[in-house]
2 protein chains.
Amino acid sequence: MKKISIFGVGLIGGSFALALKKAGAVAHIVGVGRSVASLERAKELGIIDQIGSSVAEAVDGADLILVAAPVAQTEQILASIAPHLQPGTLVTDAGSTKSDVVTAARKALGGKIAQFVPGHPIAGREQNGPEAAIVDLYIGKKVVLAPLPENAAEDVARVASAWQRCGAIIHQLTPQEHDRVFAAVSHLPHLLAYALVDDIAKKPHADLLFQYAASGFRDFTRIAGSSPEMWRDISLANQPALLGELDAYMAQLAQLRSMLAEANGAALEAVYANAQRARHNWICTIEAAEQQNRQGGD
Amino acid sequence: MKKISIFGVGLIGGSFALALKKAGAVAHIVGVGRSVASLERAKELGIIDQIGSSVAEAVDGADLILVAAPVAQTEQILASIAPHLQPGTLVTDAGSTKSDVVTAARKALGGKIAQFVPGHPIAGREQNGPEAAIVDLYIGKKVVLAPLPENAAEDVARVASAWQRCGAIIHQLTPQEHDRVFAAVSHLPHLLAYALVDDIAKKPHADLLFQYAASGFRDFTRIAGSSPEMWRDISLANQPALLGELDAYMAQLAQLRSMLAEANGAALEAVYANAQRARHNWICTIEAAEQQNRQGGD
C-alpha cells in the first residue's frame, strides 16, 4: 500500500502503524487526531510519517483508512471523511462494538457504505496513547471482521490482508453476534472490575484494604486500569447486550449468595469446581492454538 | 531450628519448607498429610526429609509445627496434635481465615492454646500440591500474624522470625480485622471470578464465547483456577464478612445497572474513572514498597 491514514494514533492505531511498517506493507502513514501533542509524539516515535493538516489531505489518495478512536466518535469521524472519500479507498475501524458502529457508518457514509468494512482487533493493554503502541501487539491475536452485505469480497480480503500483515488471525462474525459475544467475555468483566475497585475505594477503611490486596486482586482488577472514556462509550454502545449479561450475572450472584447464607458447601463447591474445570479446558485450548500458530508461522 | 513438622505439604507448606531449608534455618523437616502419594512426591522433590509415620512421631521434639491444610481441617488436625504437643513446641497455621481458626484452635488445644500463634501468608499461585511449591514464594510478601491474648511476645517473635527467614514481611491484625479485610480484597474477588466463569460455561453457546475470551478475561478469571475445596472452606469459614462484602457489591452492581439502563454516561464514567485512579494509586504504592524492600534487602 502506498498510503494509510489513521484516525486516532493511540495504542491500537499506533501498533497497527508500527506493525505494517515493520512488515514493509506501507510506504506512508498519515495520522489524524484530537490531540496535537499526541500526534507530534507519534511522529517523534516514528509511528506516523506525517500529521494530517486537514481531513481532505489525510484521506486523499489513501489505500486504507483506520478509525481507531473511542466508538462514540465514529460517526463524527466518518462524516468528516465522507465528502473526501475516493472510490479506491477502503475504511475500517477498530471499535470494540459493532452494531452501533454500523449504524453510525450508514448515517455518515450513505451511498459510500460499501467502502466501510467493520473490524475489531482483540488485543489491548491497559496503557493508552502513542507511547503504549508496540510493534508486536497483534501477533497471534484475533481480528474479528463483521462485513456488511454491501462489502465486495475482495474489499473484505484487502482489509483482512492488512491485519494479517500485522500477524493477526482473521475471524468473521455478524455485528450482532460480535456484540453478544463481547458483552459476555469482555464488556461485563470490565464493568465488574471497575465496580469492585470503586466499591473498595469508597469505603472508609479503603487504605487498610488496599494495603492487603495482593496478586490475585491485581490480576482481577487489571482491566480496571483501562480508559474510563473508552469503556463508558463501549458500555453505552453495547447497552442492550451488556444489560442482558449483567442481569444474568446478578442472578448468578443471588444464587451464590443463597448458597453461602445457607452454608451449602456442596453447592458452592460445585460452582467453583465447574468454573475451575471450564477455565482449565479453555486455557488448554488456547495454549494448543497458540502452539499451532507458532508452528504455522515457522 | 532442629525440627519442623508441616501438616499439609502443598504449595504453601512446601514453599515454607523449601525457603527455610535454603536459608539454613532448619535441620530436619517432617511432612504429614492425607495423601501418601503427595508426601512421597514431596520427599522425592527434597521438600521434606521424612514422612511422619504417626502424629506422635511427627510432633515429638519439633520446634515449630505449621498447619497448611484447607481451613476446615484445622480443628481435626490440631486435635490430633494436642495430646502429643510438648511445652517447647510452637504451632502456627497458614489459613486464609482467622476467626474460625482461632475458634477451632481453642476447642482442639484447650489449655495449650498459648502455644498456637495464628498466621496467614499472603502469597499464592493457582497451582496446588507439592509440585507447585517454590523456594521464593514468600520473598517480599506479607505474612499477617493474628496473635492471641495468651501468646507470649517471644513466641510470636519466634513464629515471625521463621517467616522472615523465608523473606516475608510481618504484619499484625486481630483475627476479626483480618477476616473483614480479606473478605473484601481476596474472598469476594474469588467468588466473583468463579461466578463469572461458571455463568459463561453454563450458556448454550459457551464454546463460541470462550473462543473470543482474551487476555483481559484470562487475568480477571485467573483466581478461578484455584482449588474449589479450599475456597469452599474459606467461603464458609468467613461467611459473615463475605456476605457483607457480597451484599455491598451487589448493591454497587444494581447502581451501575441503573446508570447503564438510563444511558447515564457521565455517572458510568465517574465510577470507571474513580476505579482507575484508585487502582493506579494502589499500584504506585505497592511498587514503591517493593522498591524499598529490594533496597532494604541489599
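For the rotational copy relationship between A and B, the axis lies nearest to a chain A beta carbon, identified with its distance in whole angstrom as A:ASP219, 2.
With the largest listed first and rounded to whole Å, the semi-axes of the equivalent ellipsoid of the stretch A:158-208 from the Cα gyration tensor are 38, 15, 6. Ranked by how many other Cβ atoms sit within 10 Å of their own Cβ, fewest first, the residues A:LYS22, B:LYS2, A:LYS98 fall in the order B:LYS2, A:LYS22, A:LYS98. Label point of B:ARG257 (7 Å along Cα→beta-carbon): distances to the other copies' equivalent points are 0.9 nm, sorted ascending. For A:GLN50, the residues whose amide H sits under 5 Å from its own are A:ILE29, A:GLY31, ignoring neighbours fewer than 5 places away on the same chain, with H placed 1.01 Å from N.
Legend: ranking of residues A:LYS141, A:LYS107 from fewest to most surrounding C-beta atoms inside 10 Å; resulting order A:LYS107, A:LYS141. In terms of its Cα atoms, the stretch B:177-263 spans 42, 37, 22 Å along the principal axes, sorted from long to short. Take each residue in A:250-258, count the other chain C-beta atoms within 10 Å of its C-beta, and the mean is 5.
The mean number of partner chain beta-carbon atoms within 10 angstrom of a residue's beta-carbon across peptide A:171-180 is 1. Each of A:ALA248 and A:GLN291 was given a label point 7 Å from its Cα along the Cα-to-Cβ line. The distance between the two points is 3.0 nm. Mean partner shielding of peptide B:202-214, defined as the number of other chain Cβ atoms within 10 Å of each residue Cβ, is 6. Around the amide H of A:ILE170, modelled in the peptide plane, lie the amide H atoms of A:VAL143, all under 5 Å away and 5 or more residues distant in sequence or on another chain.
Against the longest alpha carbon principal axis of chain B, how many degrees, from 0 to 90 and to the nearest 10, is the axis of helix B:188-201 turned? In chain B, helix B:188-201 runs at an angle near 60 degrees to the longest axis. The distance separating the Cα centre of the stretch A:264-281 from that of the stretch A:146-174 comes to 38 Å. The phi-based Karplus calculation (6.51 cos²θ - 1.76 cosθ + 1.60; θ = phi - 60°) puts the 3J(HN,Hα) values of the stretch A:179-186 at 5, 5, 4, 6, 4, 6, 9, 10 Hz, whole numbers, x for Gly and Pro. Exposure proxy for B:VAL156, B:VAL102, A:VAL32: other Cβ atoms within 10 Å of each Cβ, ordered fewest to most, give B:VAL156, B:VAL102, A:VAL32. Of the residues B:ASP233, B:ASP179, B:ASP100, the one that moves most in a GNM of chain B with alpha-carbon contacts below 10 Å is B:ASP233. Here the translational diffusion coefficient of chain A follows from Stokes-Einstein with Rh set to the Kirkwood radius across Cα pairs; for 37 °C and 0.692 mPa s it amounts to 157 µm²/s. Helix B:265-297 and the long axis of chain B differ in direction by around 30°, with both axes built from C-alpha atoms.
Averaging 1/r over every pair of different alpha carbons in the stretch B:3-173 and inverting the result gives a Kirkwood radius of 15.5 Å. GNM remark for chain A: springs join alpha carbons under 10 Å apart, and the peak mean-square fluctuation among A:ALA79, A:ALA267, A:ALA248 falls on A:ALA267. In nanometers and ordered shortest first, the copy-to-copy spacing of the B:PRO240 label point, defined 7 Å from Cα toward Cβ, is 4.7. Label point of A:ILE170 (7 Å along Cα→beta-carbon): distances to the other copies' equivalent points are 6.3 nm, sorted ascending. Take the Cβ-Cβ distance between B:SER53 and A:ARG106 as r, set R0 to 56 Å, and report the resulting FRET efficiency rounded to the nearest 0.05. Efficiency at R0 = 56 Å is approximately 0.15.
Any chance you could give the angle, 0 to 90 degrees and rounded to 10, that helix A:239-261 forms with the longest Cα principal axis of chain A? Tilt of helix A:239-261: around 20 degrees. Residue by residue, the stretch B:129-142 carries 3J(HN,Hα) couplings of x, x, 4, 7, 5, 9, 5, 9, 4, 9, 5, x, 8, 7 Hz when phi is fed to the Karplus relation 6.51 cos²θ - 1.76 cosθ + 1.60 (θ = phi - 60°); x denotes Gly or Pro. The HN-Hα couplings worked out from phi for the stretch A:163-170 by the Karplus form 6.51 cos²θ - 1.76 cosθ + 1.60 (θ = phi - 60°) are 5, 5, 5, 7, x, 8, 10, 8 Hz, whole numbers, x standing for Gly and Pro.
We did not get these values from a lab; they are worked out from the coordinates using the rules stated. Everything quoted here is computed from the prediction, not taken from an experiment. Every residue, glycine among them, receives a Cβ derived from its backbone with ideal geometry; neighbour counts consider all protein chains shown.
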